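Asks: Below is the structure I would like to discuss, written out as structure tokens.
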Amino acid sequence: MDIKMTACAIFVATLGSISAVQAQTVDYGSLETLFGEPVTTSATGKPQKASEAPVGLDIITADQIRRMGVTSLPEVLNRVNGITSWQATRSYADVGVRGQDTFYNPTLLVLVNGRQVYIDTYGFTDWSLIPVEMEEIRQIEVVKGPTTALYGFNAVDGVVNIVTYNPKYDKVGQAGVVAGTGAYRRAYGLKTFDLSDNASIRISGGQEDFNEFEKTSKTNFIPESTFRTPRARKLMADSIVQLDDKTQLRLEGSYAGSIDNDTPTTPAATPADKTFISGKASLTSETTVGLVEANLYTNQYINKDGGTAATTQKNQITVAQLEDLFKLGIDHTIRLQGEYRHNEVTSDLLTGPHAQVSYDVAAVGGMWNWAMDPRWEWTNALRVDHLMLSRSGPFQTAVPFTSNSQFDQDLTAVSGNTGLVWKATDLDTLRASYGRGIQAPSLHSFGLDLPLFGGFVVLAGDPNLNPVVVQNYEVGYDRAIDAIGGKLRSSLFYKKTEDVQAIGGVTQPGGPPTVIQTASIGDTETAGLELGLEGKIASAWNWDVGYTYQNTTDNFNPSASATPSPVSLHYQDTIPHNVVKAHLGYKNGPWESDLYSEAASNFKAVSFNGTNYDIVKLDRYFTLGGRIGYKLDDTVTIALQGVNLLTPRVATNSGLENDREVYLSLSKKF
């Protein structure tokens, strides 16, 4: 009885000390002015510098994106230490984190303002369909390591959170055109409008057209005649309504459509017409029990392989989230979260009734941030996901399942994060962290049959697959260096991925057709070091250089480890051990210029030989890109920019070689 009375007294006292975290939608501009550098709120809910976050995090600013002189988000992300971008074709790229990259990479979660744009059909990000123009991005937060408990479902190996300008706090307007080699053409525009004293909206859109690579790769045999001319079109709207002094409603909607060349590692490129439509509503209110936020969003992804309606796949996801962020006293920040999601894919690849695979996920989680004193902070997070799988419709011939009841499976997974940050001095910050992330199998991996090569091969899933588990241990040290007007950033990490999944992991006997099944093929480990140094020279010059060392060891089953192999995953062979990235920038009056370089040691790539996957050797490479811009006046800028300037082509993966590309851009702010 005494214990119960004591517990009740503590609970009542706790309720009395709860206070709302004073924020609604985040005014990043004001926070950046206050902190003197870009900040994030996504990890813990409160403003933090990148060096003070409980996870490995980099922030790419809008000004950095503009001065890079590139035309795609994967190229932007490739400037970050520990990030690799594989440009398989001009219209298809993939992004990996710390020694784990592959085409259709399933381990990187990509968000736009916290809304998932990761596609669950195959478990990948279609970068050509990210519903955002680069000019409306305020910053990109790149999180390295598993953070499912902090960032949500499938944040298993890293997170890219794209933060756009806030229509209430950021009044932006810009239009521009870009043209260059490869018949590249792009036009875009964005503008913020005040609809009333309490409502604002930002509207943006753009169109991009270009030809595919002019030559085929030395490491693959994709005929040039199979390529289509890629095209992408986007239209977005983002609005905020101030309902009262403490409550805001944010509504976002977007459409993105593209025609591109899919399947970069097979002997023939498959044309694909794809559409991504999304809508989101967020209600945020400061209440007596904290800052309460409710989110509801839905995404629809439609893929017409070959550009025909007869081979359509539709993926629909609906997510409802509820969060309460509050403080206990002045030292403790608590975030409680609940989430429900429904995810389904329907395939028209079968004649007659459609096949559908779906799952429902219910999740609860919590985060506790303790500011122990002005120099110590400790953050802990825990999340539990419960997934319920189901399937309906017919099966392809020879698939090793005969009843949809075999897919009535439940799966429960626990993820967690802990991070301790010590601000040893005003200049020195140390960080130690651990993360355990969970990745659910994709809907195809769970069991949507897919006929390939005219039906001679059937790709099948497995409802009994275990989730992929990634564990990451990391220590980091950052130091501000006044002598160079910059800072040093460093991280030492070890990452282990268990139950790696691969298409082709199991081949079922019998047939025809031959049945290739997704399976767990083993584990992989990566250990590495990241070093970054940046500074200024006088007032006009700035520079930065980064070095990454990483060594990956695959512990796959003998079939998957053989060469040639039935699977395309060979992490230990396909990631360079040593990568150096450098940048030199200049800005004076109306002129600004930037040079970017990347050098990688010898490595290998996976190439499809028509039956299995071979390992082919690629030489070390050195690339150089840059931009020169001139302001005609305060609102108009003309720029010349390019990538791969030193050589006509460079091979960085098993897809097509990357061409030298040069662009001329003209933009106007208003």
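Asks: Please give, to one decimal in nm, the separation of the simple spin-label points placed at Trp376 and Gln409, each 7 Å out from Cα toward the Cβ.
Replies: Between Trp376 and Gln409, the label points sit 4.5 nm apart.
Asks: A further question on this structure: Where a Cα-Cα gap under 19 Å defines reach, which lysines qualify for Lys46, not counting those fewer than 8 residues away within the same chain?
Replies: Cross-link targets: Lys246, Lys327, Lys423.
Asks: Counting only DSSP beta bridges with both residues in the range 79-168, tell me the antiparallel percent, nearest 5.
Replies: That works out to approximately 75 percent antiparallel.
Asks: Same structure again: Quick one: 3J(HN,Hα) in Hz for the range 631-643, Karplus 6.51/-1.76/1.60 with θ = phi - 60°, rounded, Gly and Pro as x.
Replies: Going residue by residue, I get 8, 5, 7, 5, 10, 10, 10, 10, 9, 10, 9, x, 9 Hz, with x marking Gly and Pro.
Asks: A further question on this structure: Ignoring the sites themselves, what is the longest stretch of the chain with no trypsin sites (Lys or Arg not before Pro) in a DSSP loop and at most 12 other beta-carbon atoms within 10 Å?
Replies: Within the chain, the longest run free of exposed trypsin sites (Lys or Arg not before Pro) spans 216-619.
Asks: Another question, then. Check which residues have an amide H placed less than 5 Å from Gly158's amide H, if you skip close sequence neighbours.
Replies: Long-range HN contacts for Gly158: Leu109, Gly145, Thr147.
Asks: Say the cut-off is 29 Å between C-alpha atoms; which of Lys49/Lys274; Lys587/Lys668; Lys280/Lys496; Lys191/Lys587; Lys274/Lys631; Lys49/Lys234 go over it?
Replies: Among Lys49/Lys274; Lys587/Lys668; Lys280/Lys496; Lys191/Lys587; Lys274/Lys631; Lys49/Lys234, the Cα-Cα distance tops 29 Å for Lys49/Lys274; Lys280/Lys496; Lys274/Lys631; Lys49/Lys234.
Asks: Would you kindly derive the ³J(HN,Hα) couplings of the range 556-561 from the backbone phi angles with the Karplus curve 6.51 cos²θ - 1.76 cosθ + 1.60 (θ = phi - 60°), listing them in order in whole Hz, with x for Gly and Pro?
Replies: 8, 5, x, 5, 5, 7
Asks: List the residues, sorted by chain then number, that are 5 or more residues from Gln409 or on another chain and whose placed amide H is less than 5 Å from its amide H.
Replies: Under 5 Å from the amide H of Gln409: Leu389.
Asks: What are the chymotrypsin sites (Phe, Trp or Tyr not before Pro) within the range 314-378 that DSSP puts in a loop, where the Cβ has at most 12 other Cβ atoms within 10 Å?
Replies: none
Asks: Compactness ratio of the range 507-582: Cα Rg over 2.2 N^0.38 Å, N = residue count?
Replies: So the range 507-582 has a normalised radius of gyration of 1.82.
Asks: Also, I was wondering about something else. Order by neighbour count: Leu73, Leu31, fewest other Cβ atoms within 10 Å first, most last.
Replies: Exposure proxy ranking, most exposed first: Leu31, Leu73.
Asks: When the Debye formula is applied to the Cα atoms of the chain, each taken as the same point scatterer, what base-10 log of I(q)/I(0) results at q = 0.06, 0.11 Å⁻¹?
Replies: Values, matching the q order: -0.33, -1.19.
Asks: So, one more: What is the gain in length, in nm to one decimal, between Arg620 and Phe670 on full extension, counting 0.36 nm per residue of separation less the C-alpha to C-alpha distance?
Replies: Roughly 13.5 nm would be gained on extension.
Asks: Separate question: With both partners inside the chain, how many of the DSSP beta bridges are antiparallel, as a percent to the nearest 5?
Replies: Of those bridges, close to 95 percent are antiparallel.
Asks: What are the ³J(HN,Hα) couplings of the range 200-211, residue after residue, when phi is run through the Karplus curve with 6.51, -1.76, 1.60 and θ = phi - 60°? Round to Hz, x for glycine and proline.
Replies: Here the 3J(HN,Hα) series is 9, 9, 10, 10, 8, x, x, 9, 9, 9, 6, 8 Hz.
Asks: Right, next: Taking R0 as 41 Å, what FRET efficiency do you get between Asp360 and Lys496 from their Cβ-Cβ distance, rounded to the nearest 0.05?
Replies: Computed FRET efficiency for Asp360 and Lys496: 0.90.
Asks: Still on this structure, I have one more. What's the extension gain from Phe456 to Thr287 if we count 0.36 nm per residue and subtract their Cα-Cα distance?
Replies: This chain segment gains 54.8 nm when fully extended.
Asks: Leaving out same-chain residues fewer than 8 places away, which aspartates and glutamates sit with a Cα under 15 Å from that of Lys314?
Replies: Reachable aspartates and glutamates: Asp120, Asp126, Asp273, Asp305, Glu344, Asp348, Asp449.
Asks: Quick one: Cα centre-to-centre distance for the range 62-114 and the range 549-623, in angstrom?
Replies: 13 Å
Read-outs throughout are calculated quantities, based only on the coordinates presented, and are distinct from any laboratory measurement. Since the structure is predicted, the reported quantities are computational estimates derived from the model, not experimental observations. Because the Cβ atoms are built from the backbone with ideal geometry, glycine has one as well, and the counts that use them run over all protein chains shown.
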